[in-house]
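First, the structure itself, so that you have it in front of you.
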Amino acid sequence: MFEGIRTELAPRVIKGLLRSGFALELAKGAAKWSSRKESRAFKLWLDFLFDSMKGGFRRERPVVWISAFTPSEIPYAFNLDPMLPEVIACLAAHMGVSDSAISMAEQSLYSTDLCSFYRCGVGLALGEYLPKPDLIISTSHLCDGAHRFFHNMSQLFGCDHYLIDVPYGNGGRDRAYLVDELYDLADFIGKRTGLHLDDERAAEVIELSNRTRQVMLEINELRRRIPSPFSGSDGMSYVLGMNFCTLGSQLGLAFFRALQGMIQERASRGKGIIGEEKYRLLWLHHIKPYYPNAIFDILEGLGAVVSFEEANHVYWDPMDPRHPLESLATKMLSNFGCGPIEHRIRAILEMAGKYRVNGAIHFSHWGCRQSCGGSHMVRDAMRERGIPTLVLDGDGADVRNYSEGQTRTRLEAFIEMLG
Amino acid sequence: MGIDIGSLSSEAVILMDGQIVSYSIIPTGADTQKAARACMQEALERAHLKFEDVSATVATGYGRISVPFATKTVTEITCHARGAHKLSPNTRTVIDMGGQDSKVISIDTDGRVLDFVMNDKCAAGTGRFLEVMAGALEVDLVEMGDRSARAKNGVVISSMCTVFAESEVISLIAAGCSKNDIIRGLHEAISKRVFAMAGKLRMERPVTMTGGVAKNKGIVDALRRLLKGEIHVPEEPQIVGALGAALSA
């Protein structure tokens, strides 16, 4: 499999990339994985990623960039494959090359005050390391920087950008407004691509998304087991990537089924991810640091396991395939990160109880204003429930803002606190 | 025995039957292992003991993993909490200002850590910051507290980046400001930063201050004014981490 990736990566998948040292680093990063024994789910993710890049660079179909919180079901309903620059930025960080991309953005006068994931995305875009988009779709909810980044990218590439304006509330009028937005978006995609939103295909996509949702729920049920059968670190890397990119596709369903099989197998053998699980932790916020770092090794060395992560909480109800856009609007508005902080706190407290955690780590990636802003309120609410919570300030994509010694002290002290 | 290897200084404390029998404080220098051995040796000599007489050695501080003879390591957060509780059992909040970081720790009636916050990677509010400023002002670090008390006018220091603050201090000297006024301005700026950090916790009283910076009366007074209350400073605040380490044995 990995031989295949390497050979694909070089001449065909991202041909242009290999003209530069940056691309060689990317290739080296992928090659490093070949020493890892990985699951079928992991293979499906790699295949998806490189097929997606290959398709984009070959311009086999219109390239649609979407933001992480744009429902992937929408492009799939048009038979378009979405591409998420944020996920590629995580991948670049994972491979240890995000600093090159970030530096490229900064040389082009992008402020260091911009979220490092978007600076990385800008660098990748400026270096032509991402397939040029024909269309960009983003949303206004949850992520502050997203719509500015995507607007900027639409200017850079000279393509259209549709911003889905998501209301703050989730009442009837808010839903009606968002439904109108989604119909308008469907019209916009149709006009820009010449493709038509077919009711039957849209229903099929919603059905696939529902079936995937069910599998995700079953996976999360398995993750309640003690010892934890799956690592939260992996949950926030390729699993979250597929959560963002593939809901509403056959591949998404296949991926989560494969993941379920792997976790089921481990759970049935009572096999945890570390030898002796002393502490179960909940990881709060959508992301973790993706560049090479010691955080999860330190925790696991102390007998602490991230049993679950907020990012993979299934918060939405099954959707009605007969009303795809209406259902997607409801799904978007039911996100617990929208609206007042009490929504998020309620969901987090529910997760803490469900996964029987001893403590929580709120990773405050400073670029994520919407999450960091509430971190201390979350901490206080958890503390009232007797669940100590560490607010760990950091940066998810820029390794220059990571100090292992400082991080180690905070993590060790927190685990000592759990006693 | 407790050994605290900090970025600027290293300390050792020997406990016998729960009482301090000796301690040592030395500069850490570049070689943390050497510093660990030296402060251990000095503390042993003062107590007329040999290393074989020590039942257990616990290391703490940023260099805790570089103490080859330690039986275990414990973070400085836990150690400062235990040490402060030992010296002042009513303490509910510990403000530790060391060479490379500052922290605020909430503790319970048994000295257990309930919550903590630490400064970010910036050196502001630490011993290193003050050391650099003392250099820029060409005054002895230990004089800073007394000089601060003699200040007549308020000077506002806006920059908290060590490098930028150093140039700000040089500019203020060039503008004719007195060194005492500048020192007081520095102390107030640092204290405001630590006070803001403490605001992230539910700070309860009494408050104990530990770490080498607690020897600086100017900082302690500035913090007292901000907290509007008393701050207990142990007789030797620099050994509280090492004491907590010894108590963790």
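Throughout, read-outs are computed from the coordinates displayed, never taken from laboratory work. Keep in mind it's a predicted model, so treat the numbers as computed, not measured. Using ideal geometry, Cβ is built from the backbone for each residue, glycine included, and neighbour counts are taken over all protein chains shown.
Compute the separation of the alpha-carbon centres of segment B:1-76 and segment B:177-193 and state it in Å as a whole number.
Result: 34 Å between the Cα centres.
Rounding to the nearest 10 and keeping the result within 0 to 90°, find how far the Cα-based axis of helix B:76-87 lies from the longest principal axis of chain B.
With both axes taken from Cα atoms, the answer is about 80 degrees.
Could I ask something else about it? Taking the Cα centre as origin and putting +1 on Lys and Arg beta-carbons and -1 on Asp and Glu beta-carbons, what dipole magnitude results for segment B:27-161, to the nearest 20 debye?
For segment B:27-161, the charge dipole is close to 160 debye.
Let me ask something additional. Select from segment A:268-354 those GluC sites (Glu not before Pro) which occupy a DSSP coil region and have at most 12 other Cβ atoms within 10 Å, ordered by residue number.
Qualifying residues, ordered by number: A:E276.
May I ask for the distance between the Cα centers of segment B:138-163 and segment A:86-103, given as a whole number of Å?
Measuring centre to centre over Cα atoms gives 43 Å.
Any idea how far apart A:D144 and A:E350 come out in nm if each label point goes 7 Å out from Cα toward Cβ?
It works out to 2.7 nm between the two label points.
May I ask you to compute the full-extension gain from A:R224 to A:K271, defined as 0.36 nm times their residue separation minus their alpha-carbon distance, rounded to one decimal in nm? Intermediate values should be presented prior to the final figure.
Details: separation 47, 0.36 × 47 = 16.92 nm, distance 1.30 nm.
Answer, rounded to one decimal: 15.6 nm.
Oh, and also: Would you list B:L227, B:L172 from fewest to most Cβ contacts within 10 Å?
B:L227, B:L172
Between B:I65 and A:E128, what is the label-point separation in nm under the 7 Å Cα-to-beta-carbon projection?
4.3 nm
Note down the nm distance, to one decimal, between modelled labels 7 Å out along Cα→Cβ at A:S403 and at B:K152.
Reported label-point gap for A:S403 and B:K152 is 3.9 nm.
Determine the sum of side-chain charges near A:Y355: Lys and Arg each +1, Asp and Glu each -1, restricted to other residues whose C-beta is under 11 angstrom from that of A:Y355. Before the final figure, lay out each step's value.
Working: positive: A:R223, A:R224, A:R225, A:R280, A:K354, A:R356; negative: A:E221, A:E309, A:E310, A:E350.
Taking every other residue near A:Y355 into account, the sum is +2.
Chain A: longest stretch without exposed trypsin sites (Lys or Arg not before Pro) (DSSP loop, at most 15 other Cβ within 10 Å), sites themselves excluded?
A:60-223
Cα gyration tensor of segment B:89-233, axes a ≥ b ≥ c as square roots of the eigenvalues: rounded (a/c below 1.5), prolate (a/b > b/c) or oblate?
Verdict is prolate for segment B:89-233.
Per 5 Å bin, what is the whole-percent P(r) computed from every C-alpha pair distance within segment B:47-105?
4, 16, 21, 19, 19, 13, 7, 1
Viscosity 1.306 mPa s, temperature 10 °C: give me the Stokes-Einstein translational D for chain B in µm²/s, with Rh taken as the Kirkwood radius over C-alpha pairs.
Numbers: Rh = 18.3 Å.
My calculation gives 87 µm²/s for D.
Would chain A count as rounded, prolate or oblate if I go by the C-alpha gyration tensor, calling it rounded below 1.5 in a/c and otherwise prolate when a/b exceeds b/c, oblate otherwise? Walk me through the intermediate numbers first.
Numbers: a/c = 1.41, a/b = 1.19, b/c = 1.19.
Because its axes are fairly even, with a/c under 1.5, chain A counts as rounded.
Let me ask you something else. Only loop residues by DSSP count here, and only those with at most 14 other Cβ atoms within 10 Å; note down the GluC sites (Glu not before Pro) in segment B:87-193 that meet that. Before the final figure, lay out the partial values.
Values: sites: B:E131, B:E138, B:E143, B:E166, B:E168, B:E188; in loops: B:E138.
Filter output for segment B:87-193: B:E138.
Something else: Amide H of A:L135: which non-local residues (sequence gap of 5 or more, or other chain) have their own amide H closer than 5 Å, using H built in the peptide plane?
A:V63, A:W65
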